[in-house]
Amino acid sequence: MGNLFKNPEKFKVYFDLVFEEAYEIGINSLLIVSIVSSFIGAVTCVQTAANLSNPFVPKYIISLIVRDSTILELAPTITAIVLAGKVGSHIASQLGTMQITEQIDALEVMGINSTSYLVLPKIIGAIITFPMLVALAGFLSIYGGYLAGWLSGAISPSEYIQGLRFDFHPIYVPFAIIKSVVFAFLIASISAFQGYFTKGGALEVGQSSTKAVTNSCIAVLVADYLLAQLLVGS
């Protein structure tokens, strides 16, 4: 991390690289994030409805639970876990391959700070795109719950909308965005570290990719608890 800002290149170089990484991380992850978040919202709605069988509990509580669980936990954390597998493994394998094929050494010989040139755009690109993906995941998860509740007959559309509006705390939204930024930094930096310091051959690249995903998931879960304790628990 200390080498990221040493001997930097021109701003235009980083500008182009960040956009490339943002496209790779963000646009190419839209499909998997959309599918996972939609079905998680649908499952949450159906299972909540199945457990709230008490006639004295209003049905709009179902969508309230879907809303709060999605914004606070499911959208940022599940999306980060999915992206740790997709983005983290990609970053680690890319840098690991460049390391064992001596492409990184070639950059250093040319006087380029390889850490800044290769790692910094990935971290910035992840920080830019993760909040967008989390916002999309939150919307699709809530909408997936809406469709599942309506099609299954568990809750009417008007009751679902009533629950979404009932006792809403706007602070939950920036909390989810803060979590997504922290998760983005952790996933990108840990994966880049594992890939950058790969030694050996193709087998070690695969091992670095596995370590990147595993360590990123653990870091995301630990950070999730700490952020919940600091921001919500306080």
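Note on segment 140-160: residues that are assigned to a helix (DSSP H, G or I), in contact (Cβ under 8 Å) with a residue 60 or more places away in the chain and surrounded by 14 or more Cβ atoms within 10 Å (Cβ to Cβ) total 12. Inside segment 93-127, residues that are modelled with pLDDT under 90, of a type in the set (Gly, Ala, Ser) and open to solvent by 10 Å² or more (accessible area, probe 1.4 Å) make up a count of 2.
When the helices (runs of 4 or more DSSP H) confined to segment 9-80 are screened for residues that are under 19 Å from Ser158 (Cα atoms), open to solvent by less than 30 Å² (accessible area, probe 1.4 Å) and modelled with pLDDT of 90 or more, those reaching at least 1 such residues are found at 30-51, 60-69. Scan segment 181-234 for residues that are outside any helix (DSSP H, G or I), among the β-branched types (Val, Ile, Thr) and over 24 Å from Ser116 (Cα atoms) and the total you get is 0. Is it the case that Phe130 is touching a helix residue (DSSP H, G or I) at 6+ places or on another chain (Cβ under 6 Å) and open to solvent by 30 Å² or more (accessible area, probe 1.4 Å)? When the stated conditions are applied, Phe130 does not pass them. Close contacts from segment 70-96, counting a first residue that is under 17 Å from Tyr23 (Cα atoms) and a second that is open to solvent by 40 Å² or more (accessible area, probe 1.4 Å) and among the acidic types (Asp, Glu), with Cβ to Cβ under 8 Å and a gap of 6+ residues or different chains, come to His90/Glu24. Has segment 65-76 got any residue that is among the basic types (Lys, Arg), over 18 Å from Ala212 (Cα atoms) and under 25 Å from the mean Cα position of the chain (by Cα)? Scanning segment 65-76 turns up at least one residue that is among the basic types (Lys, Arg), over 18 Å from Ala212 (Cα atoms) and under 25 Å from the mean Cα position of the chain (by Cα).
What number of residues in segment 101-134 are under 28 Å from the mean Cα position of the chain (by Cα) and in a helix (DSSP H, G or I)? Residues that pass the stated criteria total 21. Taking the conditions (1) in contact with a Gly (Cβ under 7 Å, 6 or more places away or on another chain); (2) without any contact (Cβ under 8 Å) to a residue 40 or more places away in the chain in turn, Gln103 satisfies each one other than (1).
The values are calculated or read from the model by the stated rules, or taken from the named source; none is laboratory data. The structure presented is a predicted model; accordingly, all values stated were derived computationally and were not measured. No Cβ is skipped: glycine too gets one built from the backbone with ideal geometry, and neighbour counts run over all protein chains shown. The accessibility values were calculated without ligands, DNA or RNA, using every heavy atom of the protein model including side chains. Shrake-Rupley method; radii C 1.70, N 1.55, O 1.52, S 1.80 Å.
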